[in-house]
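Contents: one structure, followed by commentary.
Computed from the coordinates by the stated procedures, all read-outs in this text should not be read as laboratory data. Note that this is a predicted model, so its numbers are computed, not measured. Cβ placement follows ideal geometry from the backbone for every residue including glycine, while neighbour counts extend to all protein chains displayed.
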Amino acid sequence: MIIKLSEIEDHIVVSGTLDDMNYRRIEGESTVFSPIEYTITITKFDKLISIKGSIDGTITLTCAKCLEEFFLPLHTTIDIELVPKEMTPHVAELELKGDDLDIYYFEGDEIDVDPYIYEEVVLNIPIKPLCHDACKGLCDVCGKNKNIEECTCHKNSYTLLAEKLKPFMN
């Protein structure tokens with residue numbers, strides 16, 4: 001969604017859906033978004049722009065243990081500031097503080113909010129997605145999903161490495 005800054009006097013509230021095909025699949029992953037709904041308030045302070053609001057939707061992920069697809073509900077917020085590109089610090093090296101990570105730069109009189117919403121969605125995808133906390137995963141020997149059925153594979157539980165790590169397991 002493109003927002004014209006010249007049309008904002010103080011602030012506006014915008015609702016939209018992020019369902020563009022450019023944002024539906026993360027490259028190389030089997031992550032799929034349902035349409036992501038958002039309601040944001042865009043506030044203009046002189047040249048600075050603030051975007052705050054809520055983002056809701058569902059993400060289809062593949063479990064890291066059992067490789068089954070599952071749905072992850074997404075309920076998050078966005079709180080960023082946009083600064084004109086001409087206000088960019090002209091320093092060769094700049095140390096960023098925690099608050100600096102929520103500042104983005106823009107140029108022109110229009111802002112496309114979809115990339116900011118998309119980034120917030122991606123940041124809320126777990127690094128190791130699990131279908132549920134008690135997921136048993138796949139059998140190391142036969143590959144059966146242990147959440148569905150138990151396997152009768154003979155497992156050798158003794159290894160030299162396991163013996164060396166026993167003191168650290170408690």
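Pairs over the 28 Å Cα-Cα cut-off, from the set LYS4/LYS85; LYS47/LYS128; LYS146/LYS166: LYS47/LYS128. Label-to-label distance for HIS132 and ILE12 is 4.5 nm, based on points extended 7 Å past Cα in the beta-carbon direction.
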